[in-house]
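Q: Got a structure here, written out as C-alpha cells. Questions coming.
Rule-based calculations on the coordinates, nothing more; no lab input. What you are looking at is a predicted structure, and each value in this text was computed from that prediction instead of being measured. We place every Cβ from the backbone using ideal geometry, glycine too, and count neighbours over all the protein chains shown.
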Amino acid sequence: MNRRERKLKQFAAEFRRKNGLNENETIRLKSLLLKNNILTVFLPLSEDLSGMAVKMNGSNSAKYFILVNSNHTIGRQHFTICHELYHLYYQENFVSEKSHAGKFDKDGDPEEYNADVFASHLLLPENGVYDMIPDKEWGKNKITLPTILNIEHYFSCSRNALLNRLLKMGIIDLKRYQEFNHDKIKNALLCGFNIDLYKPGNKGLIIGNYGNMAKELFDKGIVSESAYFSLLEDIGIDLSDFDEKVDYE
C-alpha cells in the first residue's frame, strides 16, 4: 500500500469513528445520510454515470447533496454513496462533480480514484472482512462462495466491490475473482440469500429535507420560480393543487 492509499484508509477509519462506527460493523447508509444531513436523491441516470455530489458552502455551515443512479443495483448504489462521501468530506476545494464510481482508474481523474479507494475502505473495512472468514478458509484462494455471500450481504455491497477488496487484500487472485464474478443472482438463490442487493431500486427515493433545500435555493435567487416549482414537482408536490379558491358570493 502506497502513501496515498494509506492516507485514504486513515480517512475512512476517521469517518467511521466520527460517526460512532467501529472497524468491523456494517454501515446503515440511509441512517448515516440522515444523521449528517446529506440530502440524497435516487433517480434514473445513464449507465456510465453513478451519481454526483454537490457541496454548498454557507456562512455558518456547508450543505451537502448526493445524487445516486437508481438504475444501478442496490449494492452498487451503496458503493457510490461511499464514493461521494469522499468528495464531500475529504477532497480539497470540492464544489461539485459527476462521478463514475468503481472504476479504480489510476490513469484517470486522481480524485475519482481516491474516492474509489476511500469507498472501498469505508464500506468494507479490512478487519471486518477478515473477521467474517472462517479459520479453515484462511489462505490465498481458500475463501468459498457461501462466505463471499455472507460478507457481501453483511456489508450490503456489490460483488464487484467485494471482489476488488479481496483481490487488494491478497485473499484471492485474478482467476478466482473471475470465477466468483458471474451467476450472482442464481448462486444467491441456491444458497438461500435475498437477491434485492443485485437488483436496481430506490427510484424516486429522497433522504433528507428536499423541499427546504429547494426553497433555500429559490430564496437566495440561485434558481428561478419556475425551476423551484419544477424541483418540488420532482418529489410529487404540485403547488397548483394548493391554489386558494376565492368565493366572491
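Q: Assuming R0 = 22 Å, what is the FRET efficiency of residue 127 and residue 175, from their Cβ-Cβ distance, to the nearest 0.05?
A: Values: r = 26 Å, r/R0 = 1.18.
Efficiency for this residue pair is about 0.25.
Q: Using θ = phi - 60° and the Karplus form 6.51 cos²θ - 1.76 cosθ + 1.60, what ³J(HN,Hα) does each residue of the range 111-121 get, whole Hz, x for Gly and Pro?
A: Per residue, the Karplus-derived 3J(HN,Hα) values read 6, 5, 5, 4, 5, 5, 5, 4, 4, 4, 6 Hz.
Q: For the range 97-138 and the range 34-81, what is the centre-to-centre distance using only Cα atoms, to the nearest Å?
A: 18
Q: What lysines could a cross-link reach from residue 63, if we take a straight Cα to Cα line under 21 Å and drop same-chain neighbours fewer than 8 places away?
A: 18, 30, 35, 55, 98, 215, 220
Q: Counting other beta carbons within 10 Å of each residue's own, what order do 156, 96 fall into, fewest first? Before the final figure, lay out the partial values.
A: Working: 156 19, 96 11.
Listed from fewest to most nearby Cβ atoms, that is 96, 156.
Q: Quick one: compute the contact order of the range 3-198, relative version, from alpha carbon pairs under 8 angstrom and 6+ residues apart, as a percent.
A: On the way: 281 pairs, mean separation 42.0, N = 196.
It comes to 21 percent, rounded to a whole number.
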